[in-house]
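The structure appears right after this line, and notes come after that.
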Amino acid sequence: MTHSQLPTSGLSPQVLALAETLSEAPSQRMVAQVQMAAIAVPFCPQPIPSPYVCQGTGTPPLMLIHGFDSSLLEFRRLLPHLATHRQTWAVDLLGFGFCDRTVSPRVDPAAIKQHLHSFWQQQLGEPMVLVGASMGGAAAIDFTLTYPEAVSQLVLLDSAGFAAGPAMGKLMFPPLDRWATAFLRNPGVRHRISLQAYCDRDWVTADADLCASLHLACPQWSEALIAFTKSGGYNFLSHRIREIAVPTLIVWGRQDRILGIKDASRFQGSIPDSQLVWIDSCGHVPHLEQAETTASAIAAFLNLPD
C-alpha cells in the first residue's frame with residue numbers, strides 16, 4: 001500500500017477558514033485528519049487531488065463512500081467506531097465533496113467508478129469491504145459489479161439503486177441549470193433537506209449544517225453537480241442489482257423520509273447473499289443518527305468482536 005500525498009495535503013485554506021466555526025468534536029477531528037492523494041486516472045492527463053481520511057489497522061480494510069452532494073464528513077461519527085476493528089477509509093467521490101473539480105474533464109458514473117478504482121489500486125491494493133450511503137450505495141453497487149475482485153463484502157446504508165436520480169435532472173439546461181444549483185446552494189433549502197434526513201431533528205445543528213455545506217466552497221461545485229445530474233446518474237442500475245455476488249449487508253432507518261422504506265426489502269429480495277438490518281428511531285442517515293448501532297450491525301456482519 002502506498003500513500004502518495006500531494007505537497008499541500010488536506011483541505012484548502014478557504015474551506016479550513018469556514019471550518020473554524022465547527023463546534024462538535026467529531027467534526028473537528030474529521031476535518032483535521034483529511035489528507036489529499038494525487039490519483040492518476042485513465043481519462044485525465046494529470047492526477048486528480050483526491051481527499052481521504054484513514055484510521056485504524058487490520059484487513060480487509062473498509063472504504064466508506066458518501067451520498068449525493070455530500071462529502072466524507074458524512075462519516076465523522078461512524079468511522080471512529082469501525083476503525084477500532086479495521087483500517088477504515090472515507091473518500092470523496094469524483095466531482096463531489098472536496099475532490100478537485102478543476103482537473104477532470106468528466107463527472108459521470110463511469111468516471112466516478114474509474115476514479116474510485118484507481119484510488120483503490122494506488123492506496124489500498126487489496127480486497128476491501130465497500131460501504132456506500134444513499135447515492136454512495138449506488139456507486140458501490142456499480143463498482144462491485146465491475147470490479148468484483150476489489151470487493152470482499154458490501155454494505156448498503158439506505159442505498160439508492162432502485163430509486164430514480166435527482167428530480168432536478170429535468171432542469172439541467174441553461175439557464176435553469178444554474179437556477180437549480182443556486183436553489184440547492186441556499187442555506188435554508190439545505191437545512192430543510194437535513195431536517196427530512198433525520199428522524200430526531202435535534203441532530204440538525206449548526207455544526208451539522210456546516211458539515212453538509214463546507215464542500216460548496218470548492219471551485220466548480222455548480223459545474224460538477226450539473227454535469228453529474230445531466231449524465232442521468234445511476235438510473236441504469238436497478239435491473240443489475242440481482243447480479244451482486246458478494247455477501248451484502250443492507251442497513252435501513254425505519255423512518256427514512258428521503259427514500260422511504262420499501263427499497264430495503266427490494267434489495268434483500270434481489271441480492272442473493274444478503275441480510276437486512278433495520279435501525280429504529282432513525283431516518284435516512286443511520287451512519288450519522290445512529291452511528292454506534294450502525295457500526296455494531298456492520299461489526300456483526302463482518303464477525304468482528306463487539
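The table for this structure:
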{"read-out": "Charge dipole (segment 13-301, unit charges on Cβ, about Cα centre) - positive-most of Leu184, Leu249, Ala25", "value": "Leu184"}
{"read-out": "Length-normalised contact order of segment 13-301 in % [C-alpha pairs under 8 Å, at least 6 apart]", "value": "20 percent"}
{"read-out": "Segment His191-Ser296, extension gain: residue separation times 0.36 nm, minus the distance between their alpha carbons", "value": "34.9 nm"}
{"read-out": "Dipole in debye (nearest 20) - segment 198-289, about Cα centre, beta carbon charges: Lys, Arg +1; Asp, Glu -1", "value": "460 debye"}
{"read-out": "Size of charge dipole - the chain - debye, nearest 20, with Cβ of Lys, Arg +1 and Asp, Glu -1, no other charges", "value": "600 debye"}
{"read-out": "Scattering curve values for segment 8-75, log₁₀ I(q)/I(0), Debye with Cα scatterers, q = 0.19, 0.21, 0.26, 0.28 Å⁻¹", "value": "-0.93, -1.08, -1.31, -1.35"}
{"read-out": "Options (1) 140; (2) 118; (3) 157 - which one matches volume of the Cα convex hull per residue in Å³ as calculated here", "value": "(2)"}
{"read-out": "The chain: most fluctuating residue of Arg254, Arg76, Arg192 per GNM, C-alpha cutoff 10 Å", "value": "Arg192"}
{"read-out": "Cα-based equivalent ellipsoid, segment 179-306: semi-axes from gyration tensor eigenvalues, Å", "value": "29, 21, 13"}
{"read-out": "R0 of 41 Å, Cβ-Cβ distance Leu276-Ser23: FRET efficiency to nearest 0.05", "value": "0.70"}
{"read-out": "The chain: most fluctuating residue of Asp209, Asp92, Asp273 per GNM, C-alpha cutoff 10 Å", "value": "Asp273"}
{"read-out": "Label point 7 Å beyond Cα of Gln14 along Cβ direction - residues of segment 182-198 with amide nitrogen under 12 Å", "value": "none"}
{"read-out": "Centroid-to-centroid separation of segment 60-98 and segment 210-260 [C-alpha atoms, Å]", "value": "14 Å"}
{"read-out": "FRET efficiency, 1/(1 + (r/R0)^6) with R0 51 Å, evaluated for Ala40 and Arg257 via beta carbons", "value": "0.80"}
{"read-out": "Per-pair calculated FRET efficiency, R0 = 25 Å: Thr84 and Arg266 via Cβ, rounded to 0.05", "value": "0.15"}
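No value in this document is a laboratory result; all are computed from the given coordinates. These numbers were taken from a predicted model, which means no experiment stands behind them. When we count neighbours, we look across all protein chains shown, and the Cβ atoms used for this are built from the backbone with ideal geometry, even at glycine.
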